[in-house]
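What follows is one structure encoded as structure tokens, with my remarks underneath.
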Amino acid sequence: MDEQRDSVAELPLARFLARCHAEFSRDRSGEVASYIPELALADPAHFGIAVTTVDGYVYEIGDSTVEFTIQSISKAFVFALALETVGAERVESIVGVEPSGDAFNSIRLGSDNRPFNPMVNAGAIACTGLICEREQDGAFDWLLQALSRFAGRRLEVDEPTFRSERETGDRNRAIAYLLRNHGVLQGDVDKVLDVYFRQCALRVSARDLSVMAATLAHKGRNPLTGEQVVSSYAVARTLSVMTSSGMYDSAGRWVYRVGIPAKSGVGGGIVASLPSQLGLGTYSPLIDDQGNSVRGLRTCEALSTHFGLHMLNRVGDVRTCIAASYDVGSVSSRRSRPPREQAILEAHHGDGAILELTGALSFGNIEYVSRRIRNLRAGLRYLILDFRRVPSVSEASLRLLADVLDDLAQAHVEVVFSGIPRGTPIEQSLSEWLTDRPAVRSIGLLDEAIEWAEDRIIHSETGDLELGTSTDLHEQELLRGLDDDELCALKALLVQREYRTGERLISAGETASSLMFVMSGIVSVRLQSGVRLATLSAGMAVGEMALLETARSADVWADTKVVCLDLALDAFARFRASHARAGEKIMANLARLLAKRLIVANNKIEVLASY
Ligand SMILES: NC(=O)CC[C@H](N)C(=O)O
């Protein structure tokens, strides 16, 4: 813990929180709650702040691990759990979602005899009642486990506070009887209140609250344990009610000034949850007339103002969702094409377009993408959308994307999704969605998707691909310009080798002692990690770097049955001695091939880096 605190203190947010802590510690206004006698024993000097980010980093300042009772903060989480387990319809039939403008313990109900919202006692007791109806005698244990999952550790009840509230909780008893009178509560009032008082008496720290809030901010997934505690549906509704009613009768001022969904408790805690960013937990038992912690309020307000965290203060630019946009002419796949095919691709570069998407995609991004796609449309036949940098796609944006794809299908544009991250929620949502759209292909790697589009373009021009068909020596690019005598003399030095599919021709690290002319079949040059550097076919040379480098830099594998002619370096040295002009030509051809490769690589860098 100390080690973590030390390193945390160097981070800018930690320094800011430390300044808030130092400054607001001097504020001694407010009173420790005493209507529940046990709460009056709290130490007014205690003050802790914790922030948990949605990627699970915890900042802690001051008394962040001191425990206190959660009180009303539990209401937000129990509401989420009620939505999740008994469903929105049932929950909404017994409790409203309107801010009441009343104090938390108001006995007033709405004109329809339902509690105003689940953040005041009446609404919260009604929600606990729903859990009791469902779980019967196991209701509290069930709630304890569920709330513990939000915190990422097993919470415990503070028995003295529970008993203290049970002994003095007549006002809540009055509320509960009123609810039963109106049919909102069913069953035994005392049993429901027992569960409610226990849930309010759970011991938490500011750190726990920050993790619980971060779980809400992270669409219901606890960022420390990775557990999905409730669905994002329940979270969105819970945050809505926290926004409008979480801070009781000061809710309007809260939204106006702070603008972060929050919930306070008379025990001195506050949770605030900023979707997709962070969860804040504070503890200071000095509370104001409305029942909100004074120092906690000031911390939330300072954090929101200083860092512009108001939820309506959106800063995103939808255009950043396109990491790169190019056509198949400017960035080719790693398959080296024979000159004739290369020429076809150059002539048809606008037939295939690639949009590399990035970031969490929502409505605004896809709306922008839809316009970018429309601008590409003239002559477009293949569109690749790359998702490798996309962590999530909202349902709303998928609806929009579906329309875009329908339009493309009508215009006979074939669409490929590439790079959908494996084993992630986005893979699940996209693949379920793709099963209804057989016209859209999904290809694992972007490079493979580009290769697929290139193949289609070449195929539709020539009717077939040249890949793998056999060639003659004079078609070798490296041997361009050699006359028949020279070729004949060279041929005498070549040794034919054959490889089966999957066999390795060359191993990285070995001494480079020959180069090979691929006469038929296809080979791939790969790094040991499996990453493909190039795929070559008949008419091209592999291992030609042996003319310049002493060791092999990558593996070469046969993708099909392969026939090669192997030229040993010592044989080539003899050939150069007797055929100086031809030797010179070969070295010049090599230089030209390398220069071409460099130009292609530079273009690629230019296209990809200009975004
Ligand atoms: N505002 C609160 O934290 C109130 C909770 C407390 N248990 C009550 O019902 O009175």
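The values are calculated or read from the model by the stated rules, or taken from the named source; none is laboratory data. This is a predicted model, so every value here is computed, not measured. Please note that ligands, DNA and RNA were not included when accessible areas were found on the heavy atoms of the full protein model with its side chains. Shrake-Rupley method; radii C 1.70, N 1.55, O 1.52, S 1.80 Å.
General observations
- Semi-axis lengths, Å, the chain, gyration tensor of Cα atoms, sqrt of 5 times eigenvalues: 69, 26, 20
- Degrees between helix 294-307 axis and first principal axis of the chain (Cα, 0 to 90, nearest 10): 30
- Compactness ratio for segment 273-342: Cα radius of gyration over 2.2 N^0.38 Å (N = residue count) comes to 2.31.
- The alpha-carbon atoms of segment 136-191 define a convex hull whose volume equals 99 cubic angstrom per residue.
- All Cα-Cα distances of segment 436-567, cut into 5 Å bins from zero to the largest, leave 2, 10, 16, 20, 19, 14, 9, 5, 2, 1, 1, 0, 0 percent in each bin in turn.
- If the convex hull is drawn through the Cα atoms of segment 43-89, its volume per residue in Å³: 104
- Taking the C-alpha atoms only, the angle from helix 395-410 to the longest principal axis of the chain is near 30 degrees.
- For segment 170-228, the orientation-averaged shadow of the C-alpha convex hull comes to 5.8 nm² (one quarter of the hull surface).
- Rounded to 10°, Cα long-axis angle of helix 139-151 versus longest principal axis of the chain: 50
- Note that the chain presents 45 Å² accessible area per residue, ligands and nucleic acids not counted, probe 1.4 Å.
- With the whole protein complex present, HIS474 retains an accessible surface near 110 Å², based on a 1.4 Å probe.
- Each residue of segment 269-385 gets 129 Å³ once the volume of the Cα convex hull is shared out per residue.
- Segment 28-167 pair-distance distribution - Cα-Cα, 5 Å bins, rounded %: 2, 8, 15, 18, 19, 18, 14, 6, 1, 0
- Percent of C-alpha pairs per 10 Å bin in segment 505-557, short distances first: 28, 57, 16.
- Whether segment 460-510 is rounded, prolate or oblate, judged on the alpha carbon gyration tensor where a/c under 1.5 counts as rounded: oblate
- Among the listed pairs LYS491/LYS596; LYS191/LYS263; LYS191/LYS219; LYS219/LYS263, a Cα-Cα separation exceeding 22 Å is found for LYS491/LYS596; LYS191/LYS263; LYS191/LYS219.
- Nearest-10 value in Å² for the accessible area of THR435, using the 1.4 Å probe: 110
- At 0.890 mPa s and 25 °C, Stokes diffusion of segment 200-346 via Kirkwood alpha-carbon radius, µm² per second: 138
- Rounded, prolate or oblate (a/c below 1.5 giving rounded, otherwise prolate when a/b exceeds b/c) for segment 380-455 by Cα gyration tensor: oblate
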